[in-house]
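Undergrad: Structure in structure tokens, see below.
The values are calculated or read from the model by the stated rules, or taken from the named source; none is laboratory data. Bear in mind the structure is a predicted one, so any value in this text is a computation, not a measurement. Cβ atoms come from the backbone with ideal geometry, glycine included; neighbour counts cover every protein chain shown. Protein only, heavy atoms only, side chains kept; ligands, DNA and RNA dropped before computing areas. Shrake-Rupley method; radii C 1.70, N 1.55, O 1.52, S 1.80 Å.
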Amino acid sequence: MAAQPLRNEWLKSLDDGGVPCGAIRTVAEVCDSEVLQARDMIAEMSHASAGTVKGIKSTIHLSETVLNTYNSPPKLGQHTHEVLTTLLGYNNDEVDVLARGGVV
């Protein structure tokens, strides 16, 4: 990763100057974390266009309710029609007008 050496240079310079600092890790770095892997905290999900994607599992662990269902992020616009009609009260014709106008 090209940004990592630059980040490390900045962290060293700031640390040498007495400035409290820490790295902000990328999603890939977080998902590759040995700690999260050891604690089985990485969920792998199938995504319609991106293949298999990784995410962080819930940190909540309940004794009688297993939280082990994870869904990949939706594709852009995947729920637009549902939100407009179900939550916002638009009818199908109104949504069609918005779509034809390039609004949604």
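Undergrad: For the range 50-72, give me each residue that is open to solvent by 90 Å² or more (accessible area, probe 1.4 Å) and among the small types (Gly, Ala, Ser).
TA: Correct list: Ser63 only.
Undergrad: Being open to solvent by 100 Å² or more (accessible area, probe 1.4 Å) and closer than 17 Å to Ser58 by Cβ is the filter; apply it to the range 1-39 and report the residue that is farthest from the chain's Cα centre (by Cα).
TA: So, considering only residues that are open to solvent by 100 Å² or more (accessible area, probe 1.4 Å) and closer than 17 Å to Ser58 by Cβ, the one farthest from the chain's Cα centre (by Cα) is Arg39.
Undergrad: Given the residues Glu82, Glu44, Glu94, which is the only one that is open to solvent by less than 100 Å² (accessible area, probe 1.4 Å), without any contact (Cβ under 8 Å) to a residue 12 or more places away in the chain and acidic (Asp, Glu)?
TA: Answer to the check: Glu94.
Undergrad: Next question. It is to be established whether one or more residues within the range 2-22 are of a type outside the set (Lys, Arg) and in contact with a Ser or Thr (Cβ under 7 Å, 6 or more places away or on another chain).
TA: So far as the range 2-22 goes, no, none of its residues is of a type outside the set (Lys, Arg) and in contact with a Ser or Thr (Cβ under 7 Å, 6 or more places away or on another chain).
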